[in-house]
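The next block holds one structure in the form of structure tokens; read it before the comments.
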Amino acid sequence: MLLHIPNVLDAATLAHCTALLKQADWTDGRVTAGSQAATVKNNRQLPETSPVAQQLRALVLEALSKNPTFFSAALPKRIYPPLFNRYGDEANSFGNHVDNAIRTHPATAQHVRTDLSFTLFLNNPTDYDGGELIIEDGMGGRAVKLPAGHLILYPSYSVHRVEPVTRGARLACFTWLESMVREPQRRELLHEMDLSIAALRGEHGETDTAVRLTSCYHNLMRMWATV
């Protein structure tokens, strides 16, 4: 499942992020790449321990915690602390790669199984040329280039890349998460049920049917979720 979630960051939060990014001290992005990805990764990244990264991370995690669409689709159990990258100038692309199945945070030694990945765009497409996130889906690949504050959620097992940035700079937040529901098909079914229940309630109110469907949803969660 590829899911576009708009307006994860509101205008005020985006402005705060932009101000922080102007203070950024970028380093080689290969520091967090696996052995295969490191051979095709050519971008810049904020060190995980930098004060700017820590402030940006707090803003992003707070916004995600308030976004019902993100929770419904991802059912996050653990989120690897979000990272921040820049594509532009000579460090401007990331070739085809697959995200590592397990990420281990260097400070806490906590393991995160990478069920889902996301990219949260931090500046607008008019700021740069190129830089599309290409996610292979068996149909030649989906190209993603979203407005600032919008997020794309996609399976971590997907082969994906970032096309070269030929003008300006592309700024984004990215990371991986472990879902409470490991199987993609079950996770997608729960998301569709959640959307349908919300639509039913919006049209008809809290009917007996809505209550029964809600019961089915939560009983499936009890069967499938690990926390």
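The values are calculated or read from the model by the stated rules, or taken from the named source; none is laboratory data. No experiment lies behind these values; they were computed from the predicted model shown. Virtual Cβ from ideal backbone geometry, glycine too; neighbours counted across all protein chains shown. Surface accessibility is based on the protein's heavy atoms, side chains included, excluding ligands, DNA and RNA. Shrake-Rupley method; radii C 1.70, N 1.55, O 1.52, S 1.80 Å.
Quote the Stokes-Einstein diffusion coefficient, in whole µm² s⁻¹, for region 1-80, based on the Kirkwood radius over alpha carbon pairs, a temperature of 10 °C and a viscosity of 1.306 mPa s.
The Stokes-Einstein estimate is 109 µm²/s.
Taking all protein chains as present, what is the carbon and sulfur share of the accessible area of the chain, in % to the nearest whole number, probe 1.4 Å? If you can, show how the numbers build up before the last one.
Numbers: 5970 of 11120 Å².
Carbon with sulfur: 54 percent of the solvent-accessible area.
If you average over every viewing direction, what projected area does the convex hull of the Cα atoms of region 132-195 give, in nm²?
5.8
Cut-off under 15 Å on the C-alpha distance; same-chain residues fewer than 8 positions from Lys41 excluded. Which aspartates and glutamates are left, in chain and number order?
Reachable aspartates and glutamates: Asp28, Asp89, Glu90, Asp99, Glu132, Glu163.
Spelling out what I want: for every residue of region 11-26, take phi, set θ = phi - 60°, compute 6.51 cos²θ - 1.76 cosθ + 1.60 (Karplus), and round to whole Hz; glycine and proline get x.
4, 5, 5, 4, 4, 5, 4, 4, 5, 5, 5, 5, 9, 5, 10, 7
What length, rounded to one decimal in nm, is gained on full extension from Thr207 through to Ala58, with 0.36 nm per residue of separation minus their alpha-carbon distance?
Full extension of this stretch gives 49.8 nm more.
Add +1 for every Lys or Arg and -1 for every Asp or Glu among the other residues with Cβ under 12 Å from the Cβ of Lys145, and state the total. Walk me through the numbers before you get to the answer.
On the way: positive: Arg142, Arg170; negative: Asp127, Asp129, Glu132, Glu163.
With Lys, Arg at +1 and Asp, Glu at -1, the neighbours total -2.
Given axes a ≥ b ≥ c from the Cα gyration tensor, I'd like to know whether region 16-136 is rounded (a/c under 1.5), prolate (a/b larger than b/c) or oblate.
It is rounded, given that a/c, with a ≥ b ≥ c, falls under 1.5.
Can you give me the accessible area per residue for the chain, using a 1.4 Å probe, in Å²?
It amounts to 49 Å² per residue over the chain.
For the chain, state the average projected area of the convex hull of the C-alpha atoms over all orientations, rounded to one decimal in nm².
On the way: hull surface 53.4 nm².
Computing the convex hull of the Cα atoms and averaging its projections yields 13.3 nm².
In whole Å, what is the distance between the alpha-carbon centres of region 69-86 and region 1-42?
13
Run the reach check for Lys77 against lysines, Cα to Cα strictly under 18 Å, same-chain hits fewer than 8 apart removed. What comes back?
Cα-Cα hits under 18 Å: Lys66.
Using only the Cα atoms of region 82-132, build the gyration tensor, take square roots of its eigenvalues as a ≥ b ≥ c, and label the shape rounded, prolate or oblate: rounded if a/c is under 1.5, else prolate if a/b is larger than b/c, else oblate.
Cα axes put region 82-132 in the prolate bin.
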